[in-house]
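Derivation of every value follows stated rules applied to the coordinates shown; laboratory data play no part. All of these numbers come straight from a predicted model, not from anything done at the bench. Here the Cβ positions follow ideal geometry from the backbone for every residue, glycine too, while neighbour counts run over all protein chains shown.
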Ligand SMILES: [Zn+2]
């Protein structure tokens, strides 16, 4: 049996019936790993697929949300970690695929795997981080840096960034407030 058939959707009751719609969800075990860099979804990982299939004149439009877990190695401290991961995509499976429509209806089914694989691989983080403020490894000792050491290194930052850091920490006064619309409003006391 072809393992990737877990990604197939039967569309027998949708084909050539524009306006018909089906929603299905299921949990599969990933038969083949996604990705090959620091972050991957390994074979055997559970993946929940929420699939909406709409019959349109040209074929079947699939809207898919996939929820799974990725395994990664932190790009800073090299620690292995797992984190929830989700992607969504929409793909038209055409009755008569052209060069513009990569994917077609095969008999009474569509195969979600190729567009799913594209979406997952594209969304996997290129530089995964175990946590947003991972201090990384000490360049001299190769040991994991303490969080305090990372904070101390702030003195080396560009003064504008130091001001932003103080603002983010809530220690900045009103007239020091950087004039940037991208920062959250400070809460009045
Ligand atoms: Zn890390």
Exception for residue 36 within (1) away from the ligand (no atom under 16 Å from the Cβ); (2) within 28 Å of residue 23 (Cβ to Cβ) falls at (2)
Quick one: which strands (runs of 3 or more DSSP E) lie wholly within region 28-140 and hold at least 2 residues that are touching a residue at least 60 places away in the same chain (Cβ under 8 Å)?
-> 46-56, 109-111
Would you pick out the residues in region 80-123 that are out of contact with any strand residue (DSSP E or B) (no Cβ under 7 Å at 6 or more places or on another chain) and within 16 Å of the ligand (Cβ to nearest atom)?
-> none
Do we find that residue 62 is away from the ligand (no atom under 16 Å from the Cβ), over 16 Å from the mean Cα position of the chain (by Cα) and under 22 Å from residue 5 (Cα atoms) in this structure?
-> yes
